[in-house]
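Trainee: After the structure tokens below, expect a handful of questions from me.
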Amino acid sequence: MVKIPGQSTRGSRTGRPIMVLLDVLGQRWTLRILWELHQSRASFRTLQERCDGVSPTLLNKRLKNLRSLNLVDLDKDGYGLSAMGQSLTERLAPVGAWAKDWADQL
């Protein structure tokens, strides 16, 4: 089942957009898929290899979900980030930098 804003999700009965997004991003392999597609478009097989051999069933499920949420698209060159997916990964970059600083201080 695809989770969308306005529908109940983990941590929010009302389906607040931020809670739905965090729930989606917290699903196994989702962030890795977005990270790999941020680097460049990829065929299914290439993306599976980049993701350390994630099972094809799970990869297909995640890609289907991300496409339905307008974060990933598919064209003749393979899977890639949609405009919304690109916008999301750009906004996550500062969080990644913060996490690196945090890790360095631990």
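Trainee: How would the range 1-46 be classified by its alpha-carbon gyration tensor: rounded, prolate or oblate, with rounded meaning a/c under 1.5 and the a/b versus b/c comparison settling the rest?
Mentor: prolate
Trainee: Counting only residues 5 or more places away or on other chains, whose amide H sits under 5 Å from the amide H of Arg16 once H atoms are built in the peptide plane?
Mentor: Gly6
Trainee: Enumerate the amide H contacts of Tyr79 below 5 Å, restricted to partners 5 or more residues apart or on another chain; note that Pro and chain-start residues carry no placed amide H.
Mentor: Under 5 Å from the amide H of Tyr79 lie the amide H atoms of Ala42, Ser43, Phe44, each far enough along the sequence or on another chain.
Trainee: Hey, what do the phi angles of the range 46-54 turn into as Karplus ³J(HN,Hα) couplings, whole Hz, using 6.51/-1.76/1.60 and θ = phi - 60°, x for Gly and Pro?
Mentor: 5, 5, 4, 5, 4, 8, 6, x, 3
Trainee: Normalised by the number of residues in the chain, what is the relative contact order in percent for Cα pairs under 8 Å and 6+ residues apart?
Mentor: Result for the chain is 20 percent.
Trainee: Check the straight Cα-Cα distances from Lys61 and name the aspartates and glutamates below 18 Å, setting aside those fewer than 8 residues away within the same chain.
Mentor: Cross-link targets: Asp23, Glu36, Glu49, Asp52, Asp73, Asp75.
Trainee: Can you work out the FRET efficiency for the pair Arg45 and Ser68, with r the C-beta to C-beta distance and R0 = 25 Å, to the nearest 0.05?
Mentor: Using R0 = 25 Å, I get an efficiency of 0.70.
Trainee: From the phi angles alone, apply the Karplus equation (6.51, -1.76, 1.60; θ = phi - 60°) to the range 60-72 and give each ³J(HN,Hα) in whole Hz, x where the residue is Gly or Pro.
Mentor: Going residue by residue, I get 4, 4, 5, 5, 4, 5, 5, 5, 5, 8, 6, 9, 10 Hz, with x marking Gly and Pro.
Trainee: In whole Hz, what ³J(HN,Hα) sequence does the range 95-106 give by Karplus (6.51, -1.76, 1.60; θ = phi - 60°), x for Gly and Pro?
Mentor: 5, x, 5, 4, 4, 5, 4, 4, 4, 5, 8, 7
We did not get these values from a lab; they are worked out from the coordinates using the rules stated. This is a predicted model, so every value here is computed, not measured. Ideal geometry is used to build each Cβ from the backbone, glycine not excepted, and the neighbour counts take in all protein chains shown.
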